[in-house]
1. Scan the stretch 116-153 for residues that are in contact with a Pro (Cβ under 7 Å, 6 or more places away or on another chain) and closer than 21 Å to residue 170 by Cα and jot them down.
2. Given the conditions (1) over 17 Å from residue 126 (Cβ atoms); (2) in a loop (DSSP other than H, G, I, E, B); (3) acidic (Asp, Glu), and given that residue 234 satisfies all but one, which numbered condition is not satisfied?
3. In the stretch 141-231, which strands (runs of 3 or more DSSP E) lie fully inside it and hold 3 or more residues that are under 22 Å from residue 247 (Cα atoms), at pLDDT 90 or above and aliphatic (A, V, I, L, M)?
4. Being in a loop (DSSP other than H, G, I, E, B), surrounded by 16 or more Cβ atoms within 10 Å (Cβ to Cβ) and either in contact (Cβ under 8 Å) with a residue 12 or more places away in the chain or among the β-branched types (Val, Ile, Thr) (or both), is that true of even one residue in the stretch 269-291?
5. Suppose the filter is out of contact with any Asp or Glu (no Cβ under 9 Å at 6 or more places or on another chain), modelled with pLDDT of 85 or more and assigned to a strand (DSSP E or B); does residue 257 pass it?
Amino acid sequence: MSKYDDFVSKLKKEADETNVIDLTDEIKTRYRNNKEYKKPIFKRISYKFTLSFAIIILVFTSMFIIKEAYPGKNPSTPSYFSPKTVDEAYAFELLTAANLLYSSEEIKPLSLSTNKDFNEIANRINKHYLTIQNLLSGEKINYTVAPSTKSDYTYQMMINSIFNDSFDLQYTIYYNKILIGKDDEEEIYNIEGIIIINNKEYPVIGKTEIDDDETSTMVKIIIDSDSSTYFIIEQEKEEDENEFVYRRYINNEIVKEYALSHEIEKGKVEVKIEINEKGKTEEIKAKLKNGQITLKVEFDDYKGNVQVTTKNNGINYYFVSEKTNIVINLIKNKKV
C-alpha cells in the first residue's frame, strides 16, 4: 500500500469514530423564531381589531350613501312657503296681487337695448319677478295685523315684499272682517277693504271656503270703477305642490290667466308661471343655484335663459345667449 492510500484509509477510520451532533431541529426552531420576530407590524394586528375597523368604515359609508339618496333629510334643504292659517293665506294672495299691480305698469328701462323687443320682453318678465323672488327665498310672508288708522276699517295689514339688503316694498291693506265660522279653534272669515298701490286705491274682497275639512281662500281685486275689470287669485293645492291661479277679467270675461306654482325638485325649489292668453301658453321657470336666479323663458316670441341680479333699486335682466343687459328701475315709492 502506498503512503497516499495509507493516509486516506486512516482519515476515513477517524471520521467514522467521531461523534457528530445532529443540529437540524435546533436550526429549524431558531429559523421559525427569527421569522416570527421580523414579521411587519400590520401582519400582527389582531383579527378582532381589523374587523371592528372594517365595521366602522362600513357604517360611515352607509350614512353618506343615505344622505345622498335622501337629500330631503338634510336640514339645509330649501322649502317652499305654504300658508297654514287664513291670515297667512290672505297675506300671500294679497302680496302676489300687490306685486302684480305694482309691476304691471310699463316701466322705462334704465338701460336700453338697441333691439326694442328685449325691452318689451324684460317688462313682461318684470311683472312676475317680485313674486318669483319671494317664493324662491322659501321664507314665510312677513306681515303684521294691527288696528286700522282709517276710520272706515277695523284692521290694517302691512305686508313686506323683501327685495334686497337696501330696502323692501311695503303694501298696506285696510279691511273689515266678516266672521263666518270657526275651524280647529281658528276664525274663518271673509274680508272687505282696499289695497293702496302707487297712491291708488283698489277695492279688495276676500272669501273663505271650507270643503271636506280643508280651508281655502280667494281674493278679488277690482281695477275699475264699475267693477267689470278685476282679477281673482285663488289657491289650488296638490301633493308636494302649491299652485295659485290669477284670472284677469274684462267686462266679466276671462282675458288672461296666470298659474303660479312652486315645488321642490331634487332638493331645489323651482317656481313656474304659466301664462294663458288668446289661446296661447307661455312659461317662465325660475331656479336659485349658488345665489344666482336663472329664468328659463318660453314666450311665443322669445325662448332662452335670463339671469337676474338686483342692485340698489334696479333689476338687471341678462339675456345669456344674446349677451344683452336690460336694467329696470323698481322704486316708484318705497311704501306702496
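1. Residues of the stretch 116-153 that are in contact with a Pro (Cβ under 7 Å, 6 or more places away or on another chain), as a first pass: 119, 122, 138.
The one that is in contact with a Pro (Cβ under 7 Å, 6 or more places away or on another chain) and closer than 21 Å to residue 170 by Cα: 138.
2. Failed condition: (2).
3. 186-197, 214-222
4. Going residue by residue through the stretch 269-291, those that are in a loop (DSSP other than H, G, I, E, B) are 278-279, 290-291.
Next, only the ones that are surrounded by 16 or more Cβ atoms within 10 Å (Cβ to Cβ) stay: none.
The answer is no, given that none of the residues of the stretch 269-291 is in a loop (DSSP other than H, G, I, E, B), surrounded by 16 or more Cβ atoms within 10 Å (Cβ to Cβ) and either in contact (Cβ under 8 Å) with a residue 12 or more places away in the chain or among the β-branched types (Val, Ile, Thr) (or both).
5. For residue 257, the condition - out of contact with any Asp or Glu (no Cβ under 9 Å at 6 or more places or on another chain), modelled with pLDDT of 85 or more and assigned to a strand (DSSP E or B) - is not met.
The values are calculated or read from the model by the stated rules, or taken from the named source; none is laboratory data. Just so it is clear, the structure is predicted and the values come from calculations on it, not from any experiment. No Cβ is skipped: glycine too gets one built from the backbone with ideal geometry, and neighbour counts run over all protein chains shown.
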